[in-house]
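The values are calculated or read from the model by the stated rules, or taken from the named source; none is laboratory data. Every value quoted in this text rests on a predicted model; they were computed, and no experiment measured them. Note that we place each Cβ from the backbone using ideal geometry, even for glycine, and neighbour counts take in every protein chain shown. SASA here: full protein model, heavy atoms, side chains in, ligands and nucleic acids out. Shrake-Rupley method; radii C 1.70, N 1.55, O 1.52, S 1.80 Å.
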Amino acid sequence: MVTLDINGAKKQLDIDPETPLLWALRDGLKMTGTKFGCGMAQCGACTVHVDGQPTRSCVTPVSAVAGQKITTIEGAHSKAAEAVRASWRKLDVVQCGYCQSGQIMAATALLESNKKPTDDDIDAAMTGNVCRCATYQRIRAAIHDAAQSL
Amino acid sequence: MKLTNDTVGRRGFLAGSAAASLVIAFNLTPHGARAAAAATNAKNFAPNAFLRVAPDGTVTVLSKHLEMGQGSYTGIATIVAEELDADWSKVRCEGAPADAKLYSNHLFGMQGTGGSSSIANSWDELRTAGATARAMLIQAAAAAWKVPAGEIETSKSTLRHAASNRTAPYAQFVSAAAALPVPAGVKLKDPATYTLIGKSAPRLDSNAKTDGTAQFTLDVYLPGMVTALVARSPKFGGTVKSVDAAAAKKIKGVLEIVQIPSGVAVVAKDTWAAKQGRDALNVTWDFANAETRSTTTIVADYKKLAQQPGAVAAKKGDAAQALASAAKRVEATYVFPYLAHAPMEPLDTVVKLGPDSCEIWAGDQFQTIDQGNVAKLLGFKPEQIKINTLYAGGSFGRRANTQSDFIVEAVAVAKAMKQKAPVKVVWTREDDIRGGLYRPLFVHKMEAGIDAQGNLTAWTNRLVGQSILVGTPFESMMVKDGVDMTSVEGSADMPYDVANILVDTHNAKAGVPVLWWRSVGHTHTAFAVETFLDDVAKAAGKDPFELRRSLMTDTKHTRLKTVLELAADKAGWSKPLAAGPAGVLRGRGIAAAESFSTYVAQVAEVSVKPDGSIKVDRVVVAVDCGVAVNPDVIKAQMEGGVGFGLGALLHGEITLKDGEVEQSNFHDYVPLRMDEMPKVEVFIVPSTAAPTGVGEPGVPPIGPAVANAIFAATGKRVRELPLTQEKLKAAIASA
Ligand code: FES
Ligand code: FES
């Protein structure tokens, strides 16, 4: 039995402790906002926050995060997260949308640690998040826009 | 779209009105749970197959086209809402069920999304659908208010009779309108009065795609559902010789191992168990009929073939004679690698199979073809196959194929499991990258002749590559005398007026499955034509922009010429490009291409360092796609097309070693990332022409525009793609 603290709620899961957090969230808890894109920390689609740090859930065994605070897209409601979400909507960033939970989690983590990121800061924080629809220009603009409102 | 509104109206609505109840009954997609509940409410107003208005005034548009990121749902709903005068905040869109009669793509004669055709297909059909519904709501209000219908105005889902100062929301007349006969030949709006078309209504899917609630196939969890991963042959065309499942069966959560035509499926209680089970599986493959060549061999074979004449795709004058007598000759050979689509959501399908029914959930791009292929596999009738089309996490063409590979495979798993449980078949990224159906590898051999006055007098372009369409149901339509239109589009009909032209092509044979990839033949023809023309300009001592302009003489290329001039103007082509910092070479390149009846020109500005590293600083895009239904979506597609095409130019390559794909995930099949994305500026040509698509046309010009900019900066060409830093470094170092 593994106990996880997800979006402020304790969840018990009867799974192999080596199971990646991504699959515990998806298959175990049916929390489907966190996506699978590569399974090897190459795309960021599975990004969640663990104690506030952006983390690739596809390579994070549940045993490694027991007792830590996990935030997923479903529970991302901090001031920064809501600012990011509002700017994403204002600028219609999304296309297929499949990468965007991860993009929003990565952007939120950036703004939580850096209120006025430069373009270089954005490159550094977001280059691990692939968008095959290449919505990067709007992601950058939306991060700057969200920063304005924080 | 030459049909008059009247004929479309009659034909469309005869079918539509008869089928309205069917639409309601079938419309139970899982991501539209709320809509599904409304659909069972008999008081809906559903005057045709494309929309329904619920008693609360919610307008649901049924899209026969897949939403895979290109904004089709938003564009399609905009067209309906405009003519319906609907309040945009009350508009929704969802995927239509598979139905060849109601929802065929007028371009293909089957239900499917591709060829950047969604908006062109919808223009007449959906304006009429919306206008008809509006007319019926007006009719219902006129009867209730006892006033002439002609005196009732509408806006934002509200009816208004000014003389009697009465207003009512559409919701109030939903049931009365539903009882009226469907009129034909309803008048469409004067475009001058549009309030939504041309005004960038916000995307309908932005909210759900920013809070994690948008439902993709991977997000479908049915009660009792199991998950399967399939072990497929590491070489294309290989078959299963023997299976040792002992170790796989020992993995906790693995339920069963079944053999299917495409390989061996490991069925488990969840994805992680299925993955571990498959890792533990031992399959021995029979490669007797497999492709075992390396791509280096395939390229060498193609280059040899390029020495032989091929099937003639375009001929004008006598190119051989003109080349022989030219004062100057230019030649080049290009190699375009296999490319995987690598949509962000790997392929996946959910299947629920019963004794006489099969229900499918997928980001389905070829609904009625998939329905037919599944029916054939099961021995069912197509109507026994129900397809729920969900959002697709990208496709770029991959989800539309005539074999329905990933869907038929998932159904094969369900069949082999003897219907025990609903099953989700998941592809890992490795499965996706190694799974084939690539943009075909192509070799282009080109020659040009220039006379003593510097005029381009001869042009030859020989293509060698696998045909996408031979052997498919599209062959009879689009392969003529050995020429596959999708191989030579953009080459055979290139826009430049040269007195002597020969374009010929070989449908090369290779055992690698190939498919259309965002902009299809234009992915390679635009690069070959547009970079080679730059070489000609250099050899003739002409400006690349001016040369293009001077050769676009035929009036059928006027719109392309206009975007070319617009892009050059906005990019400041006539002014010198600002120099870079010390040690950085800068250059500017231009390219243009018509694809899918949309015209796009791009100017790229690049910075190149001596180590071959490339930064594309800025791209100016000019596009003419007819009426701009949603300018912001058009801009987004141009931005995305630039990024997608640029990633392929700089990094994209699938290679085979002894028949096995060498790449496996995003570390070695490298996508464009944030730090490489240029600043993209998009300019839309105002137009009253019928709208055309924008999903693909942003892609073709970016590769050649950037390559031409690099050429302007360095004087060097890399003609075997991808244009990597190593190759450019070597080219710069060469004399
Ligand atoms: S799925 Fe985790 S980084 Fe790609
Ligand atoms: S929006 Fe499609 S992958 Fe990012």
Compute the distance from the alpha-carbon center of the range B:146-214 to that of the range A:34-104, in whole Å. 38 Å
For peptide B:341-349, the mean count of other chain Cβ atoms within 10 Å per residue Cβ is 5
In the protein assembly as shown, what percentage of the DSSP-assigned beta bridges are antiparallel, given to the nearest 5? 75 percent
Computed over the range B:652-735, the relative contact order (Cα-Cα under 8 Å, seq sep at least six) in percent reads 20 percent
Could you work out what % of the accessible surface of the protein assembly as shown is carbon and sulfur, using a 1.4 angstrom probe and leaving DNA, RNA and ligands out of the count? 54 percent
Need the list of aspartates and glutamates near B:LYS376 for cross-linking: C-alpha distance under 15 angstrom, and skip anything on the same chain fewer than eight residues off. B:ASP356, B:GLU359, B:ASP405, B:GLU409
If you count, for every residue in B:661-673, the Cβ atoms of partner chains within 10 Å of its Cβ, what is the mean? 4
Given the Cα-Cα distance of B:GLN321 and B:LYS376 and 0.36 nm per residue of separation, how much length would full extension add, in nm? 14.5 nm
Send over the Kirkwood Rh of chain A, from the inverse of the averaged 1/r over different Cα pairs, rounded to one decimal Å. 15.3 Å
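Quickly rank B:721-732, B:604-615 as a protection proxy: mean count of other C-beta atoms within 10 Å, highest first.
Packing order, densest peptide first, comes out as B:604-615, B:721-732.
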Ordering of A:29-35, B:665-671, B:127-133 by packing [mean C-beta count within 10 Å, highest first]: B:127-133, A:29-35, B:665-671
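Which whole-number percent gives the relative contact order of chain B, counting Cα pairs below 8 Å spaced six or more residues apart? Could the numbers behind the result be given before it?
Numbers: 1673 pairs, mean separation 101.0, N = 735.
Worked out over chain B, it gives 14 percent.
Could you state how much accessible area is buried at the B-A interface, both sides summed, with a 1.4 Å probe, in Å² to the nearest 100?
For B against A, buried area totals roughly 4500 Å².
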Among B:396-409, A:72-85, the order from most to least packed when residues are scored by Cβ within 10 Å on average: B:396-409, A:72-85
Using a simple spin-label model with points 7 Å from Cα along the Cα→Cβ vector, what separation in nm is obtained for A:ASP120 and B:LYS418? 6.6 nm
Leading residue at positive end of dipole, the protein assembly as shown (Cβ point charges), from B:PRO191, A:GLY37, B:HIS161: B:HIS161
Where a label projected 7 Å from the Cα of B:LYS304 along Cα→Cβ would reach, residues of the range B:405-442 with amide N under 20 Å: B:441-442
Accessible area per residue for the protein assembly as shown in Å², computed with a 1.4 Å probe and the full protein assembly in place, what is it? 36 Å²
Reachable lysines from B:LYS657, Cα under 19 Å, same-chain residues fewer than 8 places away excluded? B:LYS235, B:LYS303, B:LYS509
Label point at B:GLN259 placed 7 Å out along Cα→Cβ; residues across the range B:285-316 whose backbone nitrogen lies under 12 Å: B:285-286
Run the numbers on the range A:104-150: which residues show a drop of 10 Å² or more in accessible area, chain on its own versus all protein chains together, using a 1.4 Å probe over heavy atoms? A:ILE104, A:ASP123, A:MET126, A:THR127, A:VAL130, A:ARG132, A:CYS133, A:ALA134, A:TYR136, A:GLN137, A:ARG138, A:ARG140
Computed label-point distance, nm, for sites B:ASN282 and A:VAL59 using a 7 Å Cα→Cβ extension: 3.0 nm
Quickly estimate the mean residue ellipticity at 222 nm for chain B, helices only: each DSSP H run with n ≥ 4 gives -39500 (n - 2.57), and the total goes over all residues, rounded to 500. -9500 deg cm²/dmol
In deg cm²/dmol, rounded to the nearest 500, the helical mean residue ellipticity at 222 nm of chain A, built from -39500 (n - 2.57) for every DSSP H run of length 4 or more, is -9500 deg cm²/dmol
DSSP beta bridge pairing in chain B, given as percent antiparallel to the nearest 5: 75 percent
Gain upon complete extension [B:ASP668, B:ALA144; 0.36 nm per residue less C-alpha separation]: 181.9 nm
